[in-house]
Amino acid sequence: MHSDSLDEKMKIIARKHFGVKTLRTKGNDDIDSYTVMVWEIKDALTEAYKAGKREAETSYRLVSSMKKLL
């Protein structure tokens, strides 16, 4: 997975689950800190895990298809 794609996916998950507008640090604890609930963390981690699993499965199918051509 390309790092830009990973960064974008992390931003989407952070925005969706935590209301975070950016993952860039501002150097200010009041701006950079968030209060999140345990279930929000669990939901965000589950979504990230599933996204990674889908990416791996897609890559595996692609490599398997390419091997068949050789």
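The values are calculated or read from the model by the stated rules, or taken from the named source; none is laboratory data. Note that the coordinates shown come from a computational prediction; the quantities given were computed from them, not determined experimentally. We place every Cβ from the backbone using ideal geometry, glycine too, and count neighbours over all the protein chains shown. Note: areas computed on protein heavy atoms with side chains; ligands, DNA, RNA excluded. Shrake-Rupley method; radii C 1.70, N 1.55, O 1.52, S 1.80 Å.
Restricting attention to region 1-13 and to residues that are open to solvent by less than 80 Å² (accessible area, probe 1.4 Å) and touching a helix residue (DSSP H, G or I) at 6+ places or on another chain (Cβ under 8 Å), the residue that is farthest from SER59 (Cα to Cα) turns out to be ILE13. May I ask you to verify whether LYS16 is under 18 Å from the mean Cα position of the chain (by Cα) and open to solvent by 100 Å² or more (accessible area, probe 1.4 Å)? Spelling it out, LYS16 is indeed under 18 Å from the mean Cα position of the chain (by Cα) and open to solvent by 100 Å² or more (accessible area, probe 1.4 Å).
The set of residues in region 19-62 being open to solvent by 100 Å² or more (accessible area, probe 1.4 Å) and aliphatic (A, V, I, L, M) consists of VAL38, LEU45, LEU62.
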